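*Asks:* After the C-alpha cells below, expect a handful of questions from me.
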2 protein chains.
Amino acid sequence: MSAESWHSTVNALWAQAFVDELIRCGVEVVCISPGSRSTPLVVECGRRDEIEDISIVDERSAGFFALGCAKATGRAAALICTSGTAAANLYPAICEASACGVGLLVLTADRPRQLQGVGASQAMDQLKLYGDHVRAFYQVGQPEATADKLRYLRGLACRGVAAASGAKPGPVHLNFSFRKPLAPVDVDRSGVDAVAAKLFDEAPLAVGGRSEGAPWLRIDGADGGVEKQVVSELRDRLVAAKRPIIFAGAVESAEPWGFSLLEMAADHRVPVIAESTSGLRYGSSEASPAVITTGDLLVESGLYDELGTPDLVLRFGRAPISWPMRRWMPQLRQAEHIVVSAGREPQDPDQLACWQIRCDASRLVDDLIDELDEDGPLGDDNWFQVHRRADQQVRGHIAGQLSEEATLSAPIAWHILGESLVAEAALFVSSSMPIRDIETFFASPASAVDVLANRGVNGIDGVLSTGFGVAARRDGPTVIVVGDVAFRHDIGALLMAEQLDVDATVMVIDNGGGAIFDYLPLAELADDPERFGETLGEVYERHFRTPRRLPVGGGRFGPVEVELAETPGQLRDSLATSQQRRGVQVVVVDTDADADRALRRRVVETASQQWREHAP
Amino acid sequence: MSAESWHSTVNALWAQAFVDELIRCGVEVVCISPGSRSTPLVVECGRRDEIEDISIVDERSAGFFALGCAKATGRAAALICTSGTAAANLYPAICEASACGVGLLVLTADRPRQLQGVGASQAMDQLKLYGDHVRAFYQVGQPEATADKLRYLRGLACRGVAAASGAKPGPVHLNFSFRKPLAPVDVDRSGVDAVAAKLFDEAPLAVGGRSEGAPWLRIDGADGGVEKQVVSELRDRLVAAKRPIIFAGAVESAEPWGFSLLEMAADHRVPVIAESTSGLRYGSSEASPAVITTGDLLVESGLYDELGTPDLVLRFGRAPISWPMRRWMPQLRQAEHIVVSAGREPQDPDQLACWQIRCDASRLVDDLIDELDEDGPLGDDNWFQVHRRADQQVRGHIAGQLSEEATLSAPIAWHILGESLVAEAALFVSSSMPIRDIETFFASPASAVDVLANRGVNGIDGVLSTGFGVAARRDGPTVIVVGDVAFRHDIGALLMAEQLDVDATVMVIDNGGGAIFDYLPLAELADDPERFGETLGEVYERHFRTPRRLPVGGGRFGPVEVELAETPGQLRDSLATSQQRRGVQVVVVDTDADADRALRRRVVETASQQWREHAP
C-alpha cells in the first residue's frame, strides 16, 4: 500500500469512528458547508443514514440554522466547515449559542501543523478560534489507525457531546487536522474495510464501537438538585411573604418543569408573570389560572399602588425583555429577589438578588411542591385574585381595541397572527421590536405555541437562518416574525431556504428601517435641531434610523415569492394559506413607524385606564 | 449638572478626542453598523467632515467593505459596531485582514464592567474577542473628563493606528465601554463645549490636540532595510546564478518598488514570472520586457526541459496561486530559493527556502540596484531571451484561440473582460476559479489595471463587499469577478450597495455550483459508482458540487438589475455599458462547467504544443 493510500484510509477510518460515536451519543443532524479539507468527515456523514446531513453554503447561515435545529429538539446539532475564514463565519451563532445555552458541535477542518505559519493557502491559526465563547476546545490529534488513537477519538466525541449538552449546554469546538489525500484515493471502500477488519481483530471495540450502539463513554454529572435544607428555606420565605410573585423570563425550554411550576402556583395562589418566551404562556390551549400575560401593562396601570408592591420575587429564566418590566424590576429593591438559574450566568443585570439558587429547575420545582404540600394559599387574601382579574380585563381590552382597527400596523399584525396560528405551530421571534410587540399585542392563540427567540445576546443577525433551522426539525408550521433590518441582515438565508426542505412563513414587519431607535433618547434630540444642530438629525437618520423599505416591488426576492399584505384581511388570508403551503413563504407587512408607535401608546394607555376605571 | 448630564458629556468628550486623533493619524473612512451602545463614537464621526462615515447594516459586509477601502487606499479603515454578536460578525474580515496584512481599526462598543456576566441584555465577553487574529487588542478605559485620561486616549488612538499600519499592517481591536446615557441627554452641544473649555484651560493639548493637526504621538519603527552585507551577498548569488528567475506572487501593493524591480530585471535580464495579483503584470500600458505573464503555461510546455530549470528563485509576495506553478515550484528543490517577505509570515508553504530576507521590499530593491550597478546581464546567454519569446508566443496563441470561440464560457469571459476594461479600471477577483482563470485567460488590457483579491486566507466570503469597498475608494470603474457560489455567500452586499454611492460591475461566472471541486481527486471517485458506490456520488453532488443556478430569471435580484450575457457579443456590450453607468451592475455569464474545463485544457495544451513546434 502506498503512503497516499494509507493516509486516505486512515482519514476514512478516523472519520468513521468519530461520526459513529456522534450518532451513538444522539446527534441527529449535521450542517455542512462546502470545502475540501473536511472531506473525510463529510463523506462519512453522507454514508450514515442515522444522521441527517444538510448542505448550506454560507457558514454564518449554517451556524444559525444548526442553532435553530438544536433549539427545536433540545439536542446538540453538529456543524462541519472547511479551514480558513469559513470557520470565522460561525462565530456569531457560536456566541449566541454560548449565551443562550444551546448545544453545538463545531467541527472545523484544519490543515496539518506543517502547513501552519508558512503562507500555505487557506491556512490560518484555528487553535482556540472562538476564545471563551465555547464550553470546550479540542485540538483533535493527527489521524492514526491504531487502537489507542481510535479509543481516544471515540472518547473525545463523547466528551464533546457531553460538554455541549449536560447541565451547561453550549457550543464546543473540535479542530480536525487532515492530511492529503482527503478523498479515498487509490483504495475503494473495501480497502478501508480490509484495514479496519485487520485492526478489528486486535481491538474490536476501538474499531467497531461498544456493543448495542452504546456510546464509548457515558458521562453523568451532578444531578443538579439542591440540598433539602435549601428547598425548605425557600418554602419558608414563600410562606412568610405577603405579596409573592414568580417572574418567568425567557428560557430555551420549560420542559418538563414548567407545567409543575404553574400547578404549584395555582394551588398556592402565587401569580406568575410570564413573558412570551418563558415557555409558560402558550403551553396549552387552556392557560393556567396562575399565568399573568399582561405584566408589562399591569406595572404601568397603577395596580401596585393599590395592592402594594411584591415583597418576594422568585425568578426563573432570563431577566425581563419588556421595557415596562425592565423599568419596574429595579424599583422592587425592597423585595427579596431569589434567582433560580441552571448552568448559565446568573440572570440579574440590576443586581437585585439576595439569593441565587443554581440548580436544575425541574428538581427544585419538584422538591418545592413536596415542601409546600401542607401549606394553603400564600400571600395576602386578594393578591392572587386581583392579579388574575386585572390580567383578564386588560387582555380583553387590548383584544377589543385591536379588533376594531382597520389599518394594518405592527400591533394589529401581531394580533392577527395570534388568531391565525394553526395547531402545533411554532413562532420564532426576532430581537428588536418583534420580541417586544409579541409581549403585549399577540392574541392568545387557540392552541399551544412554542415561542422561540435568540435571547442569548439578542442580536438581529441570523434570524431567518435560526428560524429555518427550527422549522426543519419540527412537524407543524413555523412562523418567523422579523423586522426589515434583521430581514436584510440575513437575506442570504432565502437562497439557502430554496434548497432545503423547510416549510416556514416569514412575516416581515417593514417599518422602514430601525424604528426601535425612535424609542431612544437620541431620537428626541435628533428631532430638535435648534438645540442640537442639523448634524445630529442627519447622523440619526444615516446611522440609526436608516430609513428605507425592502425592495420587494417585483413580488419576489431572489428565488422566493413575496406577498405584500396591505390590509388586516389580506394578512389574515396570507397567514392562513401560507401555513398550509410547502416551502418558504414571505409576507411583508408595510407599516408606518410613527403610527405603530402612536397605536402602541394608545392601546396601552387605554387598557390601563379602563382597568383603573373598572377596578373593584 | 446631574450625573446623567455629566456622564453624557464625558462620553461626548471622550469620543471627540478619540475620533480627532484618528483623523490626525490619517484615517479617512469609517464603516458604521447601527446600534445604540456605540452612539458617542457614531455621533462624533458624523460631526467631523474629515472622515467619511458609511452606514452598513450587516457587520460582516461592513468588515469586508472596510477591508476593500483599506486595500484601495493603503490606509487603515475604521469600523464601528455595537455590542454582542454584531462584533462577532466582523471576524471573517478580520481573519482575512490579518493574513493579507491590511489595516483595520475595529472599534467595538461594549457595556460597562458592572453589566458583564450578570445576564444583561446584549452583553457578552468581548475581551480579546478576536484572539490572535488582531495585531493588538486594547480594552479602552472607562471614559473620564480628565487631562490624564484624555492624553492616554489620544496616545491610544495613535498606537492603534500604528499597530494597524507600519511594517506589519493588520487589524487592531479597541473595545470601548460606554455607560448610559449614550446620547448627549440634557446638555446641548454648548454644555459639552463648556466642560471642554474649562478643561482646556488646565490642559489645552489633552483637550484640543497638538498644534497644526499633528497626531498626539508620532510612532516610527525600524525602517525595514537590511544590512549592506546582506544585499551584497544577494547580489553575489544573483551574479553567480546561471538560470535565475524572480517569482512575484500576490501582494497588497507593489508600490513603490514594483517598477524599480522590473527595471532592474530588464537591465540585468532576469525573467520575472509575475502572477496577476503581483502588481507587476498590468502596471502600465507598456509591459516591462522582463515580465513573464504565462508562467503557468511555460512550466507545462517543456521550456525547462530544454533550457534547464532555474538554479536561483528570488521570490516576492505570496506563494503561487496557479496550479501548474504550485506543482512546479516544489520540483525546484535544487534551486536556491530566496524569499523576501516584509511583516507577515514567511511565504514558503513547500519549505523550499534556504534564505528568508525579512525587510521592506522597497529598500531592498533600491539597495540591490545599487549593488548590481556595475554588473551586466545575469544568467546564461539565451535564458532571458527565450523566456521573453516564449511568453509572447504563448500569450498570442491563447488570444488567437479565444478570439475564435463563438460560445460563451469562463475562459472567453475573461478574455473579453481584458479587452473591455476601460482606462483606470480596477479588478477585484474572487478566490476559487476566477483567481485561477485570470492567470491564463485574461486578455492583456490596453491600459493599467489594479488587480486585487482576498488572498490572505483565500475565502470565498465577503467577495462582493470587499469589491464594493474597493470601488468606493477609487475614481475609475471597478469590476468584480465572482463565481456563483461566492456570489450567493455574500448576496446581502447587493442590498448594501443599493444604499451606497458605489459604481461597480459584478461579472458573475455562473457555472452552476462549486465547479472547482471537479478538479479534485474526489470528483473522479464520485464519478465511479462501481468502485465507490452510489453514495459517494450523492455526497459529492450534495456537499461539494452543490449544483444549482442563480435564480436571476426575473432580471433582478432584490434591488439590483441583473443582465444575462449569453453570447460573447452580449457580454462585450454589457461590460462596455456597465462601466459607464452609475451604481452597481450585475452581469451573469451562464457557463457549462464541463465545457469550461474542456476549453481550459484545450487552450493550454494547444498553446504549449504550438510553442514547442515553433520553438527556436
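The values are calculated or read from the model by the stated rules, or taken from the named source; none is laboratory data. On a predicted model such as this, the values are computed, not experimentally measured, just so you know. Please note: Cβ atoms are built from the backbone with ideal geometry, for glycine as well, and neighbour counts cover all protein chains shown.
*Asks:* Return the residues of the stretch B:101-126 that are touching a helix residue (DSSP H, G or I) at 6+ places or on another chain (Cβ under 8 Å) and more than 18 Å from B:Pro181 (Cβ to Cβ); say none if nothing qualifies. Don't jump to the end; show me each part of the working.
*Replies:* Residues of the stretch B:101-126 touching a helix residue (DSSP H, G or I) at 6+ places or on another chain (Cβ under 8 Å): B:102-109, B:123-126.
Residues satisfying the conditions are B:Val102, B:Gly103, B:Leu104, B:Leu105, B:Val106, B:Leu107, B:Thr108, B:Met124, B:Asp125, B:Gln126.
*Asks:* Select from the stretch B:1-20 the residues that are more than 43 Å from the chain's Cα centre (by Cα) and of a type in the set (Gly, Ala, Ser) and write down the one among them that is surrounded by the fewest Cβ atoms within 10 Å (Cβ to Cβ).
*Replies:* Once the filter is applied, the top-ranked residue is B:Ala3.
*Asks:* In addition: From the list A:Ala76, A:Ala109, A:Ala123, A:Ala86, which residue is surrounded by 24 or more Cβ atoms within 10 Å (Cβ to Cβ), aliphatic (A, V, I, L, M) and without any contact (Cβ under 8 Å) to a residue 60 or more places away in the chain?
*Replies:* One residue alone meets the criteria, A:Ala86.
*Asks:* Among the residues of the stretch B:507-521 satisfying the criterion of being modelled with pLDDT of 90 or more and over 22 Å from A:Gln499 (Cβ atoms), which is farthest from the other protein chains (Cβ to nearest Cβ)?
*Replies:* B:Met507
*Asks:* While we're looking at this one, here's another question. So B:Gly396 clears everything in (1) assigned to a helix (DSSP H, G or I); (2) modelled with pLDDT of 95 or more except one condition, right? Which one?
*Replies:* With (1) assigned to a helix (DSSP H, G or I); (2) modelled with pLDDT of 95 or more applied to B:Gly396, the lone miss is (2).
*Asks:* Right, next: May I ask you to say which residue of B:Glu561, B:Glu541, B:Glu524 is facing another protein chain (nearest Cβ under 9 Å) and acidic (Asp, Glu)?
*Replies:* Of the residues listed, the single one that is facing another protein chain (nearest Cβ under 9 Å) and acidic (Asp, Glu) is B:Glu524.
*Asks:* Could you please tell me which pairs satisfy a Cβ distance under 9 Å, a separation of 6+ or placement on different chains, a first residue in the stretch B:183-204 that is farther than 23 Å from B:Ala109 by Cβ and modelled with pLDDT of 85 or more, and a second residue that is buried (at least 18 other Cβ atoms within 10 Å of the Cβ) and among the hydroxyl-bearing types (Ser, Thr, Tyr)?
*Replies:* Final answer for the pair search is B:Ala194/B:Thr9.
*Asks:* I would also like to ask the following. Hey, which of the helices (runs of 4 or more DSSP H) in the stretch B:164-281, taking only ones fully inside, have at least 1 residues that are over 33 Å from the mean Cα position of the chain (by Cα) and within 30 Å of B:Ala72 (Cα to Cα)? Outline the logic, then answer.
*Replies:* Values: elements: B:189-202, B:204-208, B:228-240, B:257-268.
Fully inside the stretch B:164-281 and qualifying: nothing.
*Asks:* Quick check, is B:Val19 modelled with pLDDT of 95 or more and outside any helix (DSSP H, G or I)?
*Replies:* no
*Asks:* Tell me, please, whether a residue that is closer than 30 Å to A:Asp592 by Cα, in the same structural domain as A:Asp590 (by TED's automatic domain parsing), touching a Phe, Trp or Tyr at 6+ places or on another chain (Cβ under 6 Å) and aliphatic (A, V, I, L, M) can be found in the stretch A:400-411.
*Replies:* no
*Asks:* Read through the list (1) buried (at least 21 other Cβ atoms within 10 Å of the Cβ); (2) within 7 Å of chain A (Cβ to nearest Cβ), then give the number of the only condition that B:Thr535 fails.
*Replies:* Among (1) buried (at least 21 other Cβ atoms within 10 Å of the Cβ); (2) within 7 Å of chain A (Cβ to nearest Cβ), the lone unmet condition for B:Thr535 is (1).
*Asks:* Do you know which residues across the stretch A:105-149 are within 13 Å of chain B (Cβ to nearest Cβ), hydroxyl-bearing (Ser, Thr, Tyr) and more than 24 Å from the chain's Cα centre (by Cα)?
*Replies:* Passing the criteria: only A:Ser121.
*Asks:* Which residue is farthest from the chain's Cα centre (by Cα), if the candidates are limited to the stretch A:38-56 and must be part of a loop (DSSP other than H, G, I, E, B) and crowded, with 24+ Cβ neighbours inside 10 Å? Reasoning before the result, please.
*Replies:* Quick first cut of the stretch A:38-56, residues part of a loop (DSSP other than H, G, I, E, B) only: A:38, A:48-51, A:56.
Pick out the ones that are also crowded, with 24+ Cβ neighbours inside 10 Å and you get A:38, A:56.
Values: A:Ser38: 28, A:Ile56: 19 Å.
Per the stated criteria, the residue is A:Ser38.
*Asks:* Would the stretch B:304-316 turn up any residue that is in contact (Cβ under 8 Å) with a residue 12 or more places away in the chain and aromatic (Phe, Trp, Tyr)?
*Replies:* For the stretch B:304-316, residues in contact (Cβ under 8 Å) with a residue 12 or more places away in the chain and aromatic (Phe, Trp, Tyr): present.
*Asks:* Next up: Against the conditions (1) out of contact with any strand residue (DSSP E or B) (no Cβ under 7 Å at 6 or more places or on another chain); (2) under 21 Å from B:Leu452 (Cβ atoms), where does B:Ala147 fall short? Just the number, please.
*Replies:* Here B:Ala147 clears every test but (2).
*Asks:* Out of B:Ala515, B:Ala493, B:Ala526, report the one residue that is farther than 30 Å from B:Glu424 by Cα, in contact with a Leu (Cβ under 6 Å, 6 or more places away or on another chain) and not aromatic (Phe, Trp, Tyr). Walk me through it before giving the result.
*Replies:* On the way: B:Ala515 fails: in contact with a Leu (Cβ under 6 Å, 6 or more places away or on another chain); B:Ala493 fails: farther than 30 Å from B:Glu424 by Cα.
Only one candidate passes the filter, namely B:Ala526.
*Asks:* Something else now. Which of the residues belonging to the stretch B:50-60 are over 20 Å from B:Arg111 (Cα atoms) and either in contact with a strand residue (DSSP E or B) (Cβ under 6 Å, 6 or more places away or on another chain) or more than 10 Å from every other protein chain (Cβ to nearest Cβ) (or both)?
*Replies:* Within the stretch B:50-60, B:Glu50, B:Ile51, B:Glu52, B:Asp53, B:Ile54, B:Ser55, B:Ile56 meet the criteria.
*Asks:* Let me ask another. Can you tell me which residues in the stretch A:332-349 are modelled with pLDDT under 95, over 15 Å from B:Gly119 (Cβ atoms) and not charged (D, E, K, R)?
*Replies:* A:Gln334
*Asks:* Given (1) farther than 30 Å from A:Gln610 by Cβ; (2) surrounded by fewer than 21 Cβ atoms within 10 Å (Cβ to Cβ); (3) in contact with a Pro (Cβ under 6 Å, 6 or more places away or on another chain), where does A:Asp461 come up short, assuming only one miss?
*Replies:* Checking A:Asp461 against (1) farther than 30 Å from A:Gln610 by Cβ; (2) surrounded by fewer than 21 Cβ atoms within 10 Å (Cβ to Cβ); (3) in contact with a Pro (Cβ under 6 Å, 6 or more places away or on another chain), the one that fails is (2).
*Asks:* Moving on to the next point. How about the stretch A:402-446: which of its residues are under 16 Å from the mean Cα position of the chain (by Cα) and part of a helix (DSSP H, G or I)?
*Replies:* A:Pro434, A:Ile435, A:Arg436, A:Ile438
*Asks:* Something else now. Could you check B:Gln334 against (1) without any contact (Cβ under 8 Å) to a residue 60 or more places away in the chain; (2) more than 18 Å from B:Arg235 (Cα to Cα); (3) within 14 Å of chain A (Cβ to nearest Cβ) and say which number it fails?
*Replies:* (3)
*Asks:* Quick one: would you say A:Glu300 is in a loop (DSSP other than H, G, I, E, B) and either touching a residue at least 40 places away in the same chain (Cβ under 8 Å) or out of contact with any His (no Cβ under 6 Å at 6 or more places or on another chain) (or both)?
*Replies:* no
*Asks:* Can you tell me which condition A:Ala607 does not meet? The list is (1) over 20 Å from A:Ile412 (Cα atoms); (2) more than 14 Å from chain B (Cβ to nearest Cβ), and all the others hold.
*Replies:* (1)
*Asks:* Going residue by residue through the stretch A:373-390, is there one that turns out to be out of contact with any helix residue (DSSP H, G or I) (no Cβ under 7 Å at 6 or more places or on another chain), outside any loop (DSSP other than H, G, I, E, B) and over 21 Å from A:Leu261 (Cβ atoms)?
*Replies:* Scanning the stretch A:373-390, I find at least one residue that is out of contact with any helix residue (DSSP H, G or I) (no Cβ under 7 Å at 6 or more places or on another chain), outside any loop (DSSP other than H, G, I, E, B) and over 21 Å from A:Leu261 (Cβ atoms), so the answer is yes.
*Asks:* Another one. Does the stretch B:343-353 include one or more residues that are surrounded by fewer than 21 Cβ atoms within 10 Å (Cβ to Cβ) and not in a loop (DSSP other than H, G, I, E, B)?
*Replies:* Within the stretch B:343-353, one or more residues are surrounded by fewer than 21 Cβ atoms within 10 Å (Cβ to Cβ) and not in a loop (DSSP other than H, G, I, E, B).
*Asks:* Could you grab me the full set of residues in the stretch A:83-104 that are facing another protein chain (nearest Cβ under 7 Å) and among the hydrophobic types (A, V, I, L, M, F, W, C)?
*Replies:* Matches in the stretch A:83-104: A:Ala86, A:Ala88, A:Cys95, A:Ala99.
*Asks:* If you don't mind, there's one more thing I want to ask. Go through the stretch A:249-263 residue by residue and tally those that are closer than 17 Å to A:Ile369 by Cα and either among the acidic types (Asp, Glu) or surrounded by 23 or more Cβ atoms within 10 Å (Cβ to Cβ) (or both).
*Replies:* Count: 6.
*Asks:* Next up: (1) basic (Lys, Arg); (2) surrounded by fewer than 21 Cβ atoms within 10 Å (Cβ to Cβ); (3) under 17 Å from the mean Cα position of the chain (by Cα): which one isn't true of A:Arg318, the others all being true?
*Replies:* (2)
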